[in-house]
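These notes concern the structure reproduced below.
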RNA sequence: UGGGGCGUCGUCAAGCGGUAAGACACAGGAUUUUGGUUCCUGCAUUCGGAGGUUCGAAUCCUCCCGCCCCAGCCA
């Protein structure tokens, strides 16, 4: 698979690695991993981690594993695993043959647990969840030791084996590390290492009824895979002492080192897995790949490219500051990428009929249109022109404000790629709405400037009524309108009911009747659109809005 | 409140004792058969605050203030 070229910025993680390289730690090796739990689809926040981990591996000529961190059977599934594999690949990264599952280590992890018991540093505790919590103490008070804390190694070994064999009820026993119930860091107050959970695991089925906790499984999985730099998000900083505690006891030689960075937040949206699951399960969206979702698959379906997402991840940087990235930066990265690659096309969202009175009836001519104004190598296409056209309703105003650069009574405009036309008259219906306008065209301006050098009011796009293809266009606005991060907890109340507007009665030029699903276009003056991966059908295309072109006209109108 | 982190432009983010990069956003202007693109220009005398060390501090020290994370048998 092609490895993308993303810029290699400097950041504190690279400083740490450089230092290791200098001192010879890990013998010059760099091994990272991307370890999602398969309990949902990955989103733009995961993409940051994917780009970081795989980017580091590539930059330092190392490796990056894809590991499914599936130690809690609840909510995990093969569908999620498949989506993760698909999405990381699509983002442009390759883990070679290094696809791993924490669940493949269950037997080894069990062995590590036994070893810890033998060292007298883990014990089986009969306290239930509530009792464990009570014994844990609080931020200000130390915890109290479990009455089961000082069982003999033999008893612990026996009990732990029986836990595995299914002798005890769910939640009745746990395996705990024997550390320090008075530790100021609550993570170190005899953390639970194994719990009993009779829930089928999507890979191991009912083979196990005890499952290792994250803190036990993750560091040891890293060690088993010879990871050198275990990069995770800031909320795990409190867990690092435990990570080291476990690894120091059970692993000899070079040990992985945990390094934390700030997770991504993006304005106006929500990236919490819990909340995204809720959106899908309660059908607020049409699925994980709904184009309004901040998931990788949603963005792909919406028309964002992997390159744009990678560019974004490189642009935001990696640091330890809590951050809230302006969604405008994401959209900038998408626009920048699409501007290069998206062929231009004309589309009328809201048609207004225009009759060119002095153009012969039953006549058609073809205009050759550049697919990209700055890139002749992208070729041309033919656009049929005839006497009856559709233009965008917004492109005509009977009584235009100053600065309006489009068609109006008494004015001339350029029809993009074709003639200059001049307003002649209009037709209204009984309600007083303009339903049709009549214009004349200047044959001498066929893709040429007027001979007399006169300037026209602007350039608008059009489509031949007879040849145009009807299309459905979906305008996606932001799914949320969360005003600031502190309001995020009430996320459902900020769902934007207008986040999806379906426009029917739209027309696209005939060259788009076979638009390839997934292909992006720039509809001139309207924005970037993507032929919908799922709903687009030849002959009647469905387009999703990717991002809008800057709406300068709207901005001017706002100003005055 | 105990512990762990973090505070540099509206938003990200470089900077690591030698006198505040860059990007987005924003504001002007030029070019343009997309109000797009491109291209110029402007945008932190100041780095959470107050003291101190120093010829010199965003960078070192002290105190203070603010924000985030931790009391799941989630990850």
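The values are calculated or read from the model by the stated rules, or taken from the named source; none is laboratory data. Since the model is a prediction, treat every value here as computed from it, not as a measurement. Because the Cβ atoms are built from the backbone with ideal geometry, glycine has one as well, and the counts that use them run over all protein chains shown.
What's the number of the condition residue A:325 fails, among (1) under 19 Å from residue A:545 (Cα atoms); (2) near RNA strand B (Cβ under 8 Å from one of its atoms); (3) surrounded by 15 or more Cβ atoms within 10 Å (Cβ to Cβ)?
Single failed check for residue A:325: (1).
Run residue A:66 past the list (1) buried (at least 23 other Cβ atoms within 10 Å of the Cβ); (2) within 23 Å of residue A:256 (Cβ to Cβ); (3) away from RNA strand B (no atom under 16 Å from the Cβ) and report the number of the one that doesn't hold.
(3)
Restricting attention to the range A:520-556, report how many residues are part of a loop (DSSP other than H, G, I, E, B), within 16 Å of RNA strand B (Cβ to nearest atom) and within 19 Å of residue A:299 (Cβ to Cβ).
Of the range A:520-556, the ones part of a loop (DSSP other than H, G, I, E, B) are A:524-526, A:532-536, A:538-539, A:541, A:548-551.
Right, trim to within 16 Å of RNA strand B (Cβ to nearest atom) and you get A:524-526, A:548-551.
Imposing the further condition that a residue be within 19 Å of residue A:299 (Cβ to Cβ) reduces the set to A:548-549.
Qualifying residue count for the region: 2.
Any residue at all in the range A:136-144 that is touching a residue at least 60 places away in the same chain (Cβ under 8 Å) and on the phi < 0 side of the Ramachandran plot?
Keep residues of the range A:136-144 that are touching a residue at least 60 places away in the same chain (Cβ under 8 Å), which gives none.
Checked against the condition, which is being touching a residue at least 60 places away in the same chain (Cβ under 8 Å) and on the phi < 0 side of the Ramachandran plot, the range A:136-144 yields no hits at all.
Could you count how many residues in the range A:220-251 are in a strand (DSSP E or B) and within 16 Å of RNA strand B (Cβ to nearest atom)? I'd like the intermediate steps shown before the answer.
The initial filter retains those residues of the range A:220-251 that are in a strand (DSSP E or B), namely A:229-233.
This time we only want the ones that are within 16 Å of RNA strand B (Cβ to nearest atom), so: A:230-233.
So the answer is 4.
Please go through the range A:182-219 and pick out each residue that is under 33 Å from the mean Cα position of the chain (by Cα), more than 9 Å from RNA strand B (Cβ to nearest atom) and part of a loop (DSSP other than H, G, I, E, B).
A:199, A:200, A:202, A:203, A:204
If you check every pair at least six apart or on different chains, which have Cβ atoms under 6 Å apart with a residue in the range A:177-200 that is touching a residue at least 40 places away in the same chain (Cβ under 8 Å) and over 20 Å from residue A:162 (Cα atoms) first and a residue that is in a loop (DSSP other than H, G, I, E, B) and more than 10 Å from RNA strand B (Cβ to nearest atom) second?
A:181/A:145; A:188/A:179; A:188/A:180; A:189/A:181; A:190/A:179; A:190/A:181
Could you tell me whether any residue of the range A:338-352 is assigned to a loop (DSSP other than H, G, I, E, B), more than 13 Å from RNA strand B (Cβ to nearest atom) and touching a residue at least 60 places away in the same chain (Cβ under 8 Å)?
Quick first cut of the range A:338-352, residues assigned to a loop (DSSP other than H, G, I, E, B) only: A:342-343, A:346, A:349-350.
With the extra rule that they be more than 13 Å from RNA strand B (Cβ to nearest atom), the set shrinks to A:349-350.
From the residues that got through so far, the ones that are touching a residue at least 60 places away in the same chain (Cβ under 8 Å) too are A:349-350.
For the range A:338-352, residues assigned to a loop (DSSP other than H, G, I, E, B), more than 13 Å from RNA strand B (Cβ to nearest atom) and touching a residue at least 60 places away in the same chain (Cβ under 8 Å): present.
So, in the range A:485-518, how many residues would count as being farther than 30 Å from residue A:323 by Cβ and either in a strand (DSSP E or B) or within 16 Å of RNA strand B (Cβ to nearest atom) (or both)?
11
For residue A:150, which of the numbered conditions (1) more than 7 Å from RNA strand B (Cβ to nearest atom); (2) more than 41 Å from the chain's Cα centre (by Cα); (3) surrounded by 14 or more Cβ atoms within 10 Å (Cβ to Cβ); (4) not in a helix (DSSP H, G or I) fails to hold?
(3)
Residue under question is residue A:292, and the condition is that it be surrounded by 15 or more Cβ atoms within 10 Å (Cβ to Cβ) and assigned to a loop (DSSP other than H, G, I, E, B); does it hold? Even if it seems obvious, please write down each step before you answer.
Numbers: surrounded by 15 or more Cβ atoms within 10 Å (Cβ to Cβ): yes; assigned to a loop (DSSP other than H, G, I, E, B): yes.
Yes.
With the condition kept exactly as written, say whether any residue in the range A:281-301 is within 14 Å of RNA strand B (Cβ to nearest atom), modelled with pLDDT of 95 or more and over 16 Å from the mean Cα position of the chain (by Cα). Even if it seems obvious, please write down each step before you answer.
First, the residues of the range A:281-301 that are within 14 Å of RNA strand B (Cβ to nearest atom): none.
Checked the range A:281-301: no residue is within 14 Å of RNA strand B (Cβ to nearest atom), modelled with pLDDT of 95 or more and over 16 Å from the mean Cα position of the chain (by Cα).
Name the single residue that is farthest from residue A:354 (Cα to Cα) among those in the range A:408-460 being part of a strand (DSSP E or B) and near RNA strand B (Cβ under 10 Å from one of its atoms).
Within the range A:408-460, the subset part of a strand (DSSP E or B) is A:412-415, A:420-428, A:434-442, A:459-460.
Applying the additional criterion that residues be near RNA strand B (Cβ under 10 Å from one of its atoms) yields A:413-415, A:420, A:459-460.
Details: A:413: 13, A:414: 14, A:415: 11, A:420: 13, A:459: 15, A:460: 12 Å.
Ranking the qualifying residues of the range A:408-460, first place goes to A:459.
Can you give me the number of residues within the range A:179-198 that are touching a helix residue (DSSP H, G or I) at 6+ places or on another chain (Cβ under 9 Å) and over 16 Å from residue A:130 (Cβ atoms)?
11
Is there any pair linking a residue in the range A:436-447 that is farther than 16 Å from residue A:411 by Cα to one that is within 11 Å of RNA strand B (Cβ to nearest atom), with Cβ under 8 Å and at least six apart or on different chains, and which?
Close Cβ pairs satisfying both conditions: A:443/A:419; A:444/A:450; A:446/A:418; A:446/A:419; A:447/A:367; A:447/A:417; A:447/A:418.
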